[in-house]
1. What length, rounded to one decimal in nm, is gained on full extension from ALA69 through to ALA119, with 0.36 nm per residue of separation minus their alpha-carbon distance?
2. List the lysines whose Cα lies under 18 Å from the Cα of LYS42, skipping any in the same chain that are fewer than 8 positions away.
3. What are the ³J(HN,Hα) couplings of region 22-31, residue after residue, when phi is run through the Karplus curve with 6.51, -1.76, 1.60 and θ = phi - 60°? Round to Hz, x for glycine and proline.
4. Treat each spin label as a single point 7 Å out from the Cα along the C-beta direction, and report the LYS38 to LYS80 distance in nm.
5. Could you tell me how far the Cα centroid of region 1-20 sits from the Cα centroid of region 45-85, in Å?
6. Take the Cα pairs of region 51-157, get the Kirkwood Rh, then feed it into Stokes-Einstein at 25 °C and 0.890 mPa s and tell me D in µm²/s.
7. Using the per-residue mean of other Cβ atoms lying within 10 Å as a proxy for protection, in what order, highest first, do the peptides 73-79, 21-27 fall?
8. What FRET efficiency comes out for LEU27 versus THR3 if R0 is 35 angstrom and r is the Cβ-Cβ distance? Round to the nearest 0.05.
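Values quoted throughout were computed directly from the atomic coordinates according to the rules given, and no laboratory measurement underlies them. No experiment lies behind these values; they were computed from the predicted model shown. All Cβ positions, glycine included, derive from the backbone under ideal geometry; neighbour counts span all protein chains shown.
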Amino acid sequence: MGTIILYSERKIHSALSSFRKETETILFPESFLNSLSKEERKVLPKRIFPLLKRYQKFMLSKRRINKKAGKILYQKDLGKLVRVNLRIETEAWALLGLLSATHGVSRCFMLNYLFWLEASGVGDSIDKVLNVGCPALHDSYSYVWHLDLIQKTIVRRIEFEPDPLFTDS
């Protein structure tokens with residue numbers, strides 16, 4: 001009789017380096033890219049982490065973009081999309097993925113949404129309300145995607161520490 005070997009490690013563990021960059025492909029609306037100067041296009045990757053720092057508390061505190069927990073929402077039809085390869089910090093890419101998964105949208109959708117918030121001037125009011133007196137990023141994040149096959153429910157949940165937004169006290 002043969003032996004069945006089961007792998008009991010149920011997680012993937014990797015180092016998170018803010019200095020390491022990977023090339024990632026992002027879809028941008030052609031109209032957005034055409035609105036940028038050559039210099040603005042060049043610094044596009046450097047704007048991502050500051051955008052995440054500025055808007056992550058707002059995104060964690062707002063109603064989820066996609067109300068269907070079992071679906072991923074991709075780009076809305078805003079015309080032609082252009083693929084752009086960007087060298088993005090590993091930490092920024094991971095945080096973008098976490099926010100995207102929590103909201104049930106793709107990373108491309110979330111990044112374009114953050115650029116839209118910035119262009120709309122939402123960040124100025126957020127800085128005065130949510131970002132005063134606390135660090136730009138939380139110490140740790142946990143994303144849970146819970147499938148209950150008996151109750152037939154799907155739950156996407158984000159947890160983070162410290163949690164100044166929703167305290168029990």
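1. Taking ALA69 through ALA119 to full extension adds about 15.2 nm, to one decimal.
2. Within the straight-line cut-off, LYS42 pairs with LYS21.
3. Running phi through 6.51 cos²θ - 1.76 cosθ + 1.60 with θ = phi - 60° gives 10, 7, 10, 9, 10, 9, 10, x, 4, 4 Hz.
4. Distance between label points: 2.0 nm.
5. First find each Cα centre; the distance between them is then 29 Å.
6. 161
7. Taking the mean over residues of other Cβ atoms within 10 Å, the ranking is 21-27, 73-79.
8. 0.15
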